[in-house]
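The values are calculated or read from the model by the stated rules, or taken from the named source; none is laboratory data. Computed from a prediction, not measured in an experiment: that's the story for all the values here. Positions of Cβ are generated from backbone atoms using ideal geometry, with glycine treated the same way; all protein chains shown enter the neighbour counts.
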Number of protein chains: 2
Amino acid sequence: MEIGEEIEKANRKAFDIMNTGNAVLVDFGLAGKVIPGMKENYILHAGPPVEYRNMIESMKAAVQGALVFDGKADTIEQADRMARSGDFVFKPCHELSTVGPMAGITTPGMYVAVVENTAYRNRTYCNLHEGRGAILRFGATGKEVIDRLHWMNDVMGPALKESVRKKPIDLKAIAAEGVQMGDELHQRFKATSLLFLTSIASSLLEQEKGMEVYRFIAEREQFFLNLSMPAMKAIADAADGVKYSTLVTRLTRNGVNFGIQVSGLKGKWFTGPAEVPKGLYFMGFSQNDAAGDFGDSAIMETGGLGGMASAAAPAVTRFVGGNAKDAMRVTEDAYRITYGQSRDFQIPSLDFRGTPLAIDMLKVNETGILPSINTGIAHRKAGIGQIGAGISHPPIEAFNDALREFAKVYGL
Amino acid sequence: MEIGEEIEKANRKAFDIMNTGNAVLVDFGLAGKVIPGMKENYILHAGPPVEYRNMIESMKAAVQGALVFDGKADTIEQADRMARSGDFVFKPCHELSTVGPMAGITTPGMYVAVVENTAYRNRTYCNLHEGRGAILRFGATGKEVIDRLHWMNDVMGPALKESVRKKPIDLKAIAAEGVQMGDELHQRFKATSLLFLTSIASSLLEQEKGMEVYRFIAEREQFFLNLSMPAMKAIADAADGVKYSTLVTRLTRNGVNFGIQVSGLKGKWFTGPAEVPKGLYFMGFSQNDAAGDFGDSAIMETGGLGGMASAAAPAVTRFVGGNAKDAMRVTEDAYRITYGQSRDFQIPSLDFRGTPLAIDMLKVNETGILPSINTGIAHRKAGIGQIGAGISHPPIEAFNDALREFAKVYGL
């Protein structure tokens, strides 16, 4: 078989896996107990590999806060010293079947959601959603942040565990419904968070602290973010490691670098500098204040949502200064660099055409079109939190490098 | 002032009232107690006036079921005799500040929602939502129908009353949010029903039977129908009775006739035959089985939603056999016969253009374009229930008659 045919065959296979995969919320538990391979001295972070000393301020701060939360350090200062000591191993979430929004810091003592792609039997994990404002994932580490994390671990996590063990939740079905309701599932989760909440309400509210948890979720419009991410990862992971496939299975950023992975080049990172997102800044802030793009949340675009589904959510594009036509254009561009269209995620205003699914690194190299990532923007300095929302792109170098490596491995 | 100027001034005024009105769910209570002017021997029905003997089968059956439910008759047969006896007065819901979906039968013993347009201090009323399947509003009168109505009166109504008295709910805000989420609010209420449920959850779930009520609502995707209708009526009623205004304040059907009212001709019905809706019939049914269009739910189109907002909800148009372009066209046509655009109901895919608001009977007469009404389709025979969903139109005669009357009154 010619190499072109091999690639087409492999991409068809990887695409079909991505298109038919599903994602069911089956459990919650402590990261140290439920994530295979997780060790007591591991600290997981968003994006491709990065050492503690090279992390951006917000991510460093999140590491410090997490060590205090985990009871390993008494103060932020002590946590910083410990993080530098070499006693901890820093690993990308992605390398342990995990994803985390923004800093993505996940320690063994944190509660995580457990999602299963029941079609392909693989599982993924993600920490719980804190909300907006002063939150660990943006590098805030004050008392209220740590206290909230403890409540999430002690009350919310166990309650959700009891709920979903009784009644697992089909996350892909909720995501698909959400796309019909104006969510693109990277910035906007209004519908999906409500759909999720209503799905678990019965089993949650039977519990003593159910109402407390119900209220916490009801007040957080992006609650579904931390569930949709492991859902998309569960689907993308199943399509990883298909020999000859040029489809992208990971897009992620650590604030310094943007990393991608390609199905046929399993486990290899291709990176370039993380952009400072362009977008709308909250009053009093500008692009000068912004950190480089970070977070594993670009897994949403990897799975055909977020920026890829812009046409389904003009409200998001409008928020960052564009109009409905711009939103349409972003999705139209995405069709030019993807293998196919999603069976399950359909855009009403495009007559229910499936969203652009499965970025083909060959097409990115060929057209020069980069996927648009809808993203939150964090302040450069730790603890200030979100200062805007906008759009970022992966670096073309990462795609060029992936192509070179592909040529080397497969003799393209 | 010339008549043209008088009309323009009046329409501007009526339009502004309709555009700036709001709708807050403030209470629930028994129709006989809370609806001003409601008497013990009144039976309210949907649409323009119609005598019992002339009602369609489904509406007659709903009257019978309501008399049994109210404890006035022991059997359906006895109820039928009583209804024919002349002891009861049949009145359009609309004439008592009330609306009712489909048959719209409202008796003094039924719980109703109380909605206030707090900007103009008027109140409106609507019975509670039963769900789909065998339900009174489609003329079903079996034991489970009557039992459900009793539960709604004994458990749900009082629970909702306690909730909203503690925390009134801004229905217009929910409707506006829903339009951003793919609801057009005549057929599709997915988002708005969820938004409503989440809004009242806290105050509802504090109550002993709160969870029972929560579940009932969560299982009914169109629950918000019976709340959005009095909301739209509260807004439209405030704009009624503006001298010289040619804007339509009521669109409603009783299965035999379609009736309209015009702001400047307060209280006068203009009618013509009710269409059999065109649309998609459930398996095994066709247009031959369908009843004439009925229900006060065209109040949604009166207020700039439903068919007027088709472009916001391509899923609805698709369901009745059209595509996204057809949905867009329906809304485009509606702009040609309305006075202006809604400030609060915005269509994302049209760059957040306001929905077409306030049908001008002059423009309908001039263009011949009739508003499209999104509607459920009932079987001709009582008790079979919904057999499809589709689109209907008011009769042009009603608009012609209104114009003639307007000319007579104002010397046009």
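Residue by residue through the stretch B:114-148, note down the ones that are of a type in the set (A, V, I, L, M) and touching an Asp or Glu at 6+ places or on another chain (Cβ under 8 Å). Even if it seems obvious, please write down each step before you answer.
Let us first name the residues in the stretch B:114-148 that are of a type in the set (A, V, I, L, M), namely B:114-115, B:119, B:128, B:134-136, B:140, B:145-146.
Passing the criteria: B:VAL114, B:ALA134, B:LEU136, B:VAL145.
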The stretch A:286-306, residues that are buried (at least 24 other Cβ atoms within 10 Å of the Cβ) and over 23 Å from B:GLU177 (Cβ atoms): A:ALA291, A:ASP293, A:PHE294, A:GLY295, A:ASP296, A:SER297, A:ALA298, A:ILE299, A:GLU301, A:THR302, A:GLY303, A:GLY304
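In the set A:GLY321, A:GLY295, which member is outside the structural domain of A:THR192 (by TED's automatic domain parsing) and at pLDDT below 95? It would help to see each step written out before you state the result.
Details: A:GLY295 fails: at pLDDT below 95.
The conditions single out A:GLY321.
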Selection within the stretch B:269-321 - β-branched (Val, Ile, Thr) and closer than 16 Å to B:PHE138 by Cα: B:VAL276
Top-ranked residue in the stretch A:306-353 [being within 13 Å of chain B (Cβ to nearest Cβ) and in a strand (DSSP E or B); ranked as farthest from A:LYS9 (Cα to Cα)]: A:ILE347
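Residue-wise test of (1) at pLDDT 95 or above; (2) within 20 Å of B:ALA119 (Cβ to Cβ); (3) of a type in the set (Val, Ile, Thr).
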position: B:ALA234; (1), (2), (3): yes, yes, no
position: B:ASP240; (1), (2), (3): yes, yes, no
position: B:LYS243; (1), (2), (3): yes, no, no
position: B:ARG253; (1), (2), (3): yes, no, no
position: B:PRO273; (1), (2), (3): yes, no, no
position: B:MET283; (1), (2), (3): no, no, no
Helices (runs of 4 or more DSSP H) wholly inside the stretch B:94-213 containing at least 1 residues that are within 29 Å of B:VAL68 (Cβ to Cβ) and not hydrophobic (A, V, I, L, M, F, W, C): B:143-151, B:157-166, B:190-205
Subset of the stretch A:125-161 [of a type outside the set (D, E, K, R), closer than 20 Å to A:ALA79 by Cβ and over 20 Å from the mean Cα position of the chain (by Cα)]: A:THR141, A:GLY142, A:VAL145, A:ILE146, A:HIS150, A:ASN153
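Mind listing whichever residues of the stretch A:390-400 are crowded, with 16+ Cβ neighbours inside 10 Å and closer than 14 Å to A:ASN257 by Cα?
Filtering the stretch A:390-400 down to residues crowded, with 16+ Cβ neighbours inside 10 Å leaves A:390-395, A:398-399.
Matches in the stretch A:390-400: A:SER392, A:HIS393, A:PRO394, A:PRO395, A:ALA398, A:PHE399.
Anything in the stretch B:219-251 that is surrounded by fewer than 20 Cβ atoms within 10 Å (Cβ to Cβ) and within 25 Å of B:ASN400 (Cα to Cα)? List them, or say none.
Answer for the stretch B:219-251, where residues must be surrounded by fewer than 20 Cβ atoms within 10 Å (Cβ to Cβ) and within 25 Å of B:ASN400 (Cα to Cα): B:GLY241, B:LYS243.
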Any hit, the stretch B:266-278, residues being among the charged types (D, E, K, R), surrounded by 20 or more Cβ atoms within 10 Å (Cβ to Cβ), closer than 24 Å to B:PHE406 by Cα and not assigned by TED's automatic domain parsing to the domain that holds B:GLY139: no
Positions within the stretch A:362-391 being at pLDDT 95 or above, touching a Phe, Trp or Tyr at 6+ places or on another chain (Cβ under 8 Å) and more than 30 Å from A:GLU5 (Cα to Cα), in sequence order: none
Filter result for B:ARG53 (farther than 30 Å from B:ILE260 by Cβ and not hydrophobic (A, V, I, L, M, F, W, C)): no
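Sort out which residues of the stretch B:14-58 are assigned to a helix (DSSP H, G or I) and either under 24 Å from B:GLY303 (Cβ atoms) or aromatic (Phe, Trp, Tyr) (or both), and write them in order of number.
The first filter runs over the stretch B:14-58 and keeps only residues assigned to a helix (DSSP H, G or I), leaving B:14-20, B:31-34, B:52-54, B:57-58.
Selection gives B:ALA14, B:PHE15, B:ASP16, B:ILE17, B:MET18, B:ASN19, B:THR20, B:ALA31, B:VAL34, B:TYR52.
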Conditions (1) in contact with a helix residue (DSSP H, G or I) (Cβ under 9 Å, 6 or more places away or on another chain); (2) more than 30 Å from B:VAL330 (Cα to Cα): number failed by B:LYS143: (1)
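Of all residues in the stretch B:23-74, which are among the acidic types (Asp, Glu) and touching a residue at least 40 places away in the same chain (Cβ under 8 Å)? Write out each step before concluding.
Applying the first criterion (among the acidic types (Asp, Glu)) to the stretch B:23-74 yields B:27, B:40, B:51, B:57, B:70, B:74.
Once the filter is applied, which keeps residues that are among the acidic types (Asp, Glu) and touching a residue at least 40 places away in the same chain (Cβ under 8 Å), the stretch B:23-74 yields B:ASP27, B:GLU40, B:GLU57, B:ASP70.
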Options B:ASN127, B:ASN153, B:ASN117: the member that is farther than 30 Å from B:ALA83 by Cβ and either buried (at least 24 other Cβ atoms within 10 Å of the Cβ) or at pLDDT 95 or above (or both): B:ASN117
Where B:GLY182 falls short, out of the listed (1) on the phi < 0 side of the Ramachandran plot; (2) over 18 Å from the mean Cα position of the chain (by Cα): (1)
Given (1) touching a helix residue (DSSP H, G or I) at 6+ places or on another chain (Cβ under 6 Å); (2) surrounded by fewer than 24 Cβ atoms within 10 Å (Cβ to Cβ), number of the condition A:CYS93 does not satisfy: (2)
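Looking at the stretch B:191-218 only, could you name the residues that are in contact with a Gly (Cβ under 7 Å, 6 or more places away or on another chain) and either surrounded by fewer than 18 Cβ atoms within 10 Å (Cβ to Cβ) or facing chain A (nearest Cβ under 9 Å) (or both)? Explain how you work it out, then say what you get.
Step one: of the stretch B:191-218, the residues in contact with a Gly (Cβ under 7 Å, 6 or more places away or on another chain) are B:191-192, B:195, B:204.
The answer is B:ALA191, B:LEU195.
Can you name every residue in the stretch B:277-286 that is part of a loop (DSSP other than H, G, I, E, B) and in contact (Cβ under 8 Å) with a residue 60 or more places away in the chain?
Going through the stretch B:277-286, the residues part of a loop (DSSP other than H, G, I, E, B) turn out to be B:277, B:282-286.
Answer for the stretch B:277-286, where residues must be part of a loop (DSSP other than H, G, I, E, B) and in contact (Cβ under 8 Å) with a residue 60 or more places away in the chain: B:PRO277, B:PHE282, B:PHE285.
Just the residues that are facing chain A (nearest Cβ under 10 Å) and buried (at least 22 other Cβ atoms within 10 Å of the Cβ), please, taken from the stretch B:169-190.
Result: B:GLY178, B:VAL179, B:GLN180, B:MET181, B:GLY182, B:ASP183, B:ARG188, B:LYS190.
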When residues of the stretch B:39-60 are limited to those that are out of contact with any helix residue (DSSP H, G or I) (no Cβ under 8 Å at 6 or more places or on another chain) and within 21 Å of B:ILE384 (Cα to Cα), the one surrounded by the most Cβ atoms within 10 Å (Cβ to Cβ): B:MET59
